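*Asks:* Provided herewith is a single structure, encoded as structure tokens, for subsequent inquiry.
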Amino acid sequence: MLASVLAVCALAAIATTGGTASTGHRFFALNDDREGISSNWSGYALEPPADADLQFTSVTGTWTQPKATCAVGTGSASAFWVGIGGETDAATSLEQTGTSADCDENGVAHYYAWYELLPAAAIQVPLKVKPGDVISTSVNINGNTVLVQIKNRTRKTSFTKSLFMDAPDLTSAEWVAEAPSSCNDSVSRCTVLPLANFGSVTFTKAAAIASTHPGTINDPTWSRVAIKLVPEGNQFGRFATSTAGVEPGALSADGRSFPVTWLSNVAP
């Protein structure tokens, strides 16, 4: 579901009843140039090519935590993460970890780190995060064991947790900037929130492993999709709570880095 609705703690709450949540991508459309449009994800995703049965078991990435520009009276949210699974409409789970930059209605910004194993709710982790901090994250899967790790390299702190999951989704890997969602009693009842103005973020040191093969985003072993975040209302001409979106930039020559940029108004 190529656009996770971060069941993370957006707008200062963990994705539980009435909180924010990460689901998979929404309303994803793909053209022949492997460029996609989603209503809540932007970045790059990896998929097995049509003639291969790859299983992704590891993904890593680094970024500098951005500063959210907030306005009084308007709540908004943004999240930055690496993950495995959740990229197709048939996906039922997603394993991810990252950070958020949210704005409350008083115009105050909130920053935090989290992990999430969909369809379970996101968990905020006890790791201090501030704008300018260099964050490295990874998700590694071995059978039913999911190991998530977040390192704040600026503050020299880290969080690592090993988790059990019945059926991890191994069909894709992602590096994503997301517009999180507000959810009621389950991630199946979520509404994408207005996207916080985070400026721009550059994902670096991106790497993945699929069926024991290590590589970067542009490795020919897998297919890659560049995803642009266009709010649902802008895609289909319906009312949207926000017109803001995110544009992914070009990959570096080594396939290990790319920028994503917040835009005040985007169109497909």
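Derivation of every value follows stated rules applied to the coordinates shown; laboratory data play no part. Bear in mind that the values here come from a model prediction, so they are computed numbers and not experimental data. Here Cβ is always computed from backbone atoms with ideal geometry, including for glycine, and neighbour counts include all displayed protein chains.
*Asks:* How far, in nm, would the chain grow between residue 155 and residue 90 when pulled straight, counting 0.36 nm per residue and subtracting the alpha carbon separation? All intermediate terms of the calculation are to be shown ahead of the outcome.
*Replies:* Numbers: separation 65, 0.36 × 65 = 23.40 nm, distance 3.92 nm.
My answer for the length gained is 19.5 nm.
*Asks:* How much length is gained if the chain between residue 252 and residue 108 is pulled fully straight, taking 0.36 nm per residue apart and subtracting their Cα-Cα distance, in nm to one decimal?
*Replies:* Numbers: separation 144, 0.36 × 144 = 51.84 nm, distance 3.43 nm.
Separation in residues times 0.36 nm, less the Cα-Cα distance, equals 48.4 nm.
*Asks:* Determine, for each peptide in 71-78, 212-219, the mean count of other beta carbons within 10 angstrom over its residues, then list the peptides with the highest first.
*Replies:* On the way: 71-78: 18.2, 212-219: 15.2.
Per-residue Cβ counts within 10 Å, averaged per peptide and sorted highest first, yield 71-78, 212-219.
*Asks:* Could you work out the local net charge near residue 245, counting Lys and Arg as +1, Asp and Glu as -1, over the other residues with Cβ closer than 12 Å to its Cβ?
*Replies:* Charge balance in the 12 Å sphere: -2.
*Asks:* Hey, another quick one. Give me the net charge of residue 77's neighbourhood, meaning all other residues with Cβ under 13 Å from the Cβ of residue 77; Lys, Arg count +1, Asp, Glu -1. Each step should come with its number before you reach the end.
*Replies:* Details: positive: none; negative: 102, 104, 105, 178.
Around residue 77, the surrounding residues sum to -4.
*Asks:* As an exercise, find the ratio Rg/Rh for the range 19-173 from alpha-carbon atoms, using the Kirkwood inverse-distance average for Rh. Could you put the intermediate results ahead of the total?
*Replies:* Values: Rg = 16.0 Å, Rh = 16.4 Å.
My calculation puts Rg/Rh at 0.98.
*Asks:* If you don't mind, there's one more thing I want to ask. Can you pull the one-decimal nm distance between simple spin-label points at residue 243 and residue 221, each 7 Å off the Cα toward Cβ?
*Replies:* With each label placed 7 Å out from Cα toward Cβ, I get 4.4 nm.
*Asks:* Could I ask something else about it? For the peptides 116-127, 243-254, what is the packing order when you average, over each peptide's residues, the other Cβ atoms within 10 Å and list the highest mean first? Mind dumping the intermediate values first?
*Replies:* Working: 116-127: 20.3, 243-254: 17.5.
Going from most to least packed, we get 116-127, 243-254.
*Asks:* Distance between the C-alpha centers of the range 126-154 and the range 57-73? Whole Å please.
*Replies:* Taking the Cα centre of the range 57-73 as reference, the centre of the range 126-154 is 13 Å away.
*Asks:* Test of understanding: what is the full-extension gain from residue 51 to residue 261, defined as 0.36 nm times their sequence separation minus their Cα-Cα distance? Don't jump to the answer; show the numbers that get you there.
*Replies:* Values: separation 210, 0.36 × 210 = 75.60 nm, distance 3.34 nm.
Extending this stretch completely gives an extra 72.3 nm.
*Asks:* Next question, about the same structure. What ranking, highest mean first, results for peptides 136-145, 90-99, 168-177 when packing means the other Cβ atoms within 10 Å averaged over each residue?
*Replies:* Answer by packing, highest mean first, reads 168-177, 90-99, 136-145.
*Asks:* Can you check what the net charge comes to around residue 61, using other residues whose Cβ is under 13 Å from the Cβ of residue 61 (Lys, Arg +1; Asp, Glu -1)?
*Replies:* Details: positive: 151, 153, 205, 256; negative: 174.
Once all neighbours under 13 Å are counted, the net charge is +3.
*Asks:* Percent of Cα-Cα pairs more than 12 Å apart in the range 101-154, please.
*Replies:* Working: 1033 of 1431 pairs.
Cα-Cα pairs of the range 101-154 separated by over 12 Å account for 72 percent.
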